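Coordinate-derived values only; no laboratory data. As the structure is a prediction and not an experimental result, all values here were calculated from the model. Positions of Cβ are generated from backbone atoms using ideal geometry, with glycine treated the same way; all protein chains shown enter the neighbour counts.
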Amino acid sequence: MITCHLRYIVDPYQLPAFEAYGKAWIRLVEKFGGKHHGYFMPSEGTSNVALAMFSFPSFAAYETYREASFKDEECLSVVAQNDQHRFIISYERSFFRPVFEDDQGVRRAP
């Protein structure tokens, strides 16, 4: 499994627009076979940093999702919302491999 961690710098005056964007991507990632772990909006402290995490079974599956998303009308529409309103200032994407205490074959709860 590979988990993508996204760290966004967002316009704090447009958080509702970014939240709508995030909710759309949760559904879209799952449409393409991923498991979304949610978006995390600013609360206390820094008001312009948001996070998101989602997983795919492999990096190859993630790459398949990326290629398909560039051609999907729904995905393109969501990206166009940011292109028009600029609520995302920048973002960083990192990939991680999870390690669990029970990696000895014990099934984890979903």
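Here are the numbers for this structure:
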item: Cα-based radius of gyration of the chain once divided by 2.2 N^0.38 Å, which approximates compact folds; result: 1.15
item: Full-stretch length increase - residue 26, residue 80 - with 0.36 nm per residue and alpha-carbon distance subtracted; result: 17.8 nm
item: Sum of side-chain charges, residue 56 neighbourhood, beta-carbon under 14 Å (Lys, Arg +1; Asp, Glu -1); result: +2
